[in-house]
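First comes the structure, then the notes that go with it.
The values are calculated or read from the model by the stated rules, or taken from the named source; none is laboratory data. Every value quoted in this text rests on a predicted model; they were computed, and no experiment measured them. Cβ coordinates were reconstructed from backbone atoms using ideal geometry, including for glycine residues, and neighbour counts include every protein chain displayed.
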Amino acid sequence: MRKVYGARMGASWQHESSSRPARCTTASLDLTHQYLPGMSVIAIGGEIDRTTSPQLADYVQRVRRPGDHVVFDLTELGFMDSSGLHVLLVSAQQAAADGVRVHLAAAQGAPARLLQITNVGAHLPVYVTVEQAITAVLTATRTH
């Protein structure tokens, strides 16, 4: 069984078996994670703004395994402001300190536009699909 830590105020946790993602849900933010070989895949749904970005940062800190690449699945993310982008970039710095990377996948709509206008792709790998990001991580971990 995967260890899932207690919730912060305003969030509810659902503990599930290791074959299924663990989930943290607030009114406008839904977070799940899954461990794959050499990576932590964190799916973000809903909205990331100044009120929810601290919950995202806390969640990433608790579920990211040191030495794992991080794939952020943005498929269900409807909105992200600069505070959410800041969390992703800080996560990338922390991952780099461990010798791994953050990979962004499947951004659509406003979040995709934010990544584009801020030129995040010059600093972090951005993929059209989650599958492409996972394949890239698996390929990178096999060559090291």
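When both residues are 6+ apart or on different chains and their Cβ atoms are under 8 Å apart, which pairs have a first residue that lies in region 123-144 and is within 11 Å of Arg101 (Cα to Cα) and at pLDDT below 95, and a second that is part of a helix (DSSP H, G or I) and of a type in the set (Asp, Glu)?
none
Just checking, how many residues over region 101-131 are under 13 Å from Val41 (Cβ atoms) and out of contact with any helix residue (DSSP H, G or I) (no Cβ under 6 Å at 6 or more places or on another chain)? Give the derivation first.
Keep residues of region 101-131 that are under 13 Å from Val41 (Cβ atoms), which gives 102-106, 127, 129-131.
Among the residues that remain, those that are also out of contact with any helix residue (DSSP H, G or I) (no Cβ under 6 Å at 6 or more places or on another chain) are: 104, 129-131.
Number satisfying all stated conditions: 4.
Of the conditions (1) within 17 Å of Gln34 (Cα to Cα); (2) in contact with a strand residue (DSSP E or B) (Cβ under 6 Å, 6 or more places away or on another chain), Thr52 fails just one. Which one is it?
Against the list (1) within 17 Å of Gln34 (Cα to Cα); (2) in contact with a strand residue (DSSP E or B) (Cβ under 6 Å, 6 or more places away or on another chain), Thr52 comes up short only on (1).
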